[in-house]
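What follows is a single structure, and I will ask about it in a moment.
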Amino acid sequence: MSESAQVLSLLDMTVLPREVFVRQQEIPARHCFPAHSHNWHQLLYAISGVLVVTVEGERYFVPPEQAIWLPMGCEHSVYSEYGADLKSLYIDAAFALPGGAQSCVLQVTPMVRELIREAAGFAVEYPLQGYEQDLIQLLLQALCRLEREPVHLPWPTEPDLVQLCNHLFEHPDDTASTAVLAERVATSQRTLDRKFRKATGMSLKHWRLQLRMLKAIELLNTNKSVTSIALELGYGSLSAFTFMFRERMGISPAQYRKRQESGSSD
């Protein structure tokens, strides 16, 4: 069987060849996998680059120190603005991640990262006894011990709010006030605030800060300078951007980037 035919058969498979199958691929910049679901669980993890995953009205930014758990049947779409080295773990539906009935973001430890890298090199039908199977079982046990990351970006469903959020997502440097944004969707500031909080569970101001912080993480995983990232996100100075980032992450943007380059997830 040719390599292309093998890849096609894996994409069309209705059952997994093993309890865990790791599919790896390089995602080009601005590539999108449209909304879909699987008959098995999935763990999406990018060794490099940031994934933007939309699940059930929420949007997750998943950097290399994190992975996202998608239970069987969970409809999701995946996008990468700057490209990513993707390791996608397909896991048999019989496996039960504690508290994993809903999608969630997991903090990936250095050990789990290396286990995923190693498993990615296994043959599709790896031996059911010996090294490969032992490593897979260790990987599954390690997944059960990973901490959850609660940060995500709720996404509204009302057309006017979707249009507004899409604009802010594409233009995070837009510093227009809530009053100006309300005019753009032909409503009052008070009504916009009320509708947005009801749809997302947070104020528009808090949502925009969350968006900028998550966009900052995405951009810090590129080669762009910290100063250019600050300007791209609408901050008037590097110090203002650094203050926001440190308030939410506990470290400066430069420290975060250094940690990413060293491969640490502490």
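The values are calculated or read from the model by the stated rules, or taken from the named source; none is laboratory data. The model shown is predicted, which means the values in this text are computed figures rather than measured ones. Methodologically, a virtual Cβ is constructed for each residue, glycine included, from the backbone with ideal geometry; neighbour enumeration extends over all protein chains shown. We work out accessible area using only protein heavy atoms, side chains counted, and drop any ligands, DNA or RNA first. Shrake-Rupley method; radii C 1.70, N 1.55, O 1.52, S 1.80 Å.
Quick check for me: using +1 on Lys/Arg Cβ and -1 on Asp/Glu Cβ, what's the dipole size of the chain about its Cα centre, in debye to the nearest 20?
1060
For Arg117, Arg23, write out the residues from largest to smallest accessible area, computed with a 1.4 angstrom probe and no ligands counted.
Result, largest first: Arg117, Arg23.
Could you list log10 I(q)/I(0) for segment 153-201 at q = 0.16, 0.26 Å⁻¹, which the Debye formula gives when each Cα is one point scatterer?
-0.40, -1.10
Given the alpha-carbon gyration tensor of segment 132-225, what are the semi-axes of its equivalent ellipsoid in whole angstrom, ordered largest first, with each equal to the square root of 5 times an eigenvalue?
Taking √(5λ) for each Cα gyration eigenvalue gives 36, 17, 10 Å.
Remind me, what semi-axes does segment 1-142 give for its equivalent ellipsoid, largest first in whole Å, using sqrt of 5 times each Cα gyration tensor eigenvalue?
22, 18, 16
Spelling out what I want: for every residue of segment 155-167, take phi, set θ = phi - 60°, compute 6.51 cos²θ - 1.76 cosθ + 1.60 (Karplus), and round to whole Hz; glycine and proline get x.
Working through the residues one at a time gives 10, x, 10, 5, x, 5, 6, 4, 4, 5, 5, 4, 5 Hz.
Could I ask something else about it? In whole percent, and with a 1.4 Å probe on the protein chains, what portion of the accessible area of the chain is carbon and sulfur?
51
Another one. Please report the Cα spread of segment 81-170 along all three principal axes, rounded to whole Å, starting with the longest.
56, 30, 24
Send over the per residue convex hull volume for the chain, Cα only, as a whole number of Å³.
Convex hull of Cα atoms, per residue: 134 Å³.
Now a separate question. So, counting K/R as plus one and D/E as minus one, what does the shell of residues with Cβ under 12 Å around His167 add up to?
-2
A follow-up question, please. Note down the relative contact order for segment 127-231 as a percent, whole number, built from C-alpha pairs under 8 angstrom at least six residues apart.
23
A further question on this structure: Provide the solvent-accessible area of Leu97, counting protein heavy atoms only and rolling a 1.4 Å probe, rounded to the nearest 10 Å².
10
Right, another one. How high is the relative contact order of the chain, given as a whole-number percent (alpha carbon pairs under 8 Å, six or more residues apart)?
In percent, rounded to a whole number, it is 18.
Okay, next question. Report the number of Lys pairs in the chain whose alpha-carbons are under 18 Å apart, with separation of 8 or more residues or on distinct chains.
5
Can you give me the solvent accessible area of Met249 with a 1.4 Å probe, rounded to the nearest 10 Å²?
60
At 222 nm, what value in deg cm²/dmol follows for the chain if DSSP H runs of at least 4 each add -39500 (n - 2.57) and the sum is divided by all its residues, to the nearest 500?
Using -39500 (n - 2.57) per qualifying helix, the result is -12500 deg cm²/dmol.
Taking amide hydrogens as modeled 1.01 Å from N in the peptide plane, which residues meet the under 5 Å criterion relative to Ser48, leaving out close sequence neighbours?
Correct list: Asp85.
If you don't mind, another one. For segment 125-266, what is the accessible area per residue in Å² when the probe is 1.4 Å?
56
Rounded to the nearest 0.05, what FRET efficiency is calculated for Ser48 and Arg190 with R0 set to 51 Å and r the Cβ-Cβ distance?
0.70
Accessible area, 1.4 Å probe, largest first: how do Arg145, Arg18 sort?
From most exposed to least exposed: Arg145, Arg18.
Ordered by residue, what ³J(HN,Hα) values in Hz, to whole numbers, does segment 58-70 give under the Karplus form 6.51 cos²θ - 1.76 cosθ + 1.60, where θ = phi - 60° and Gly and Pro are x?
Going residue by residue, I get 10, 10, 10, 9, 10, x, x, 8, 9, 9, 10, 8, 10 Hz, with x marking Gly and Pro.
Same structure again: Express the relative contact order of segment 14-158 as a whole percentage, based on alpha carbon pairs under 8 Å and six or more residues apart in sequence.
This gives 30 percent for segment 14-158.
For segment 222-237, in order, what is each residue's ³J(HN,Hα) by Karplus, 6.51 cos²θ - 1.76 cosθ + 1.60 with θ = phi - 60°, in whole Hz (x at glycine and Pro)?
10, 8, 5, 5, 4, 5, 5, 5, 4, 5, 5, 8, x, 7, x, 8
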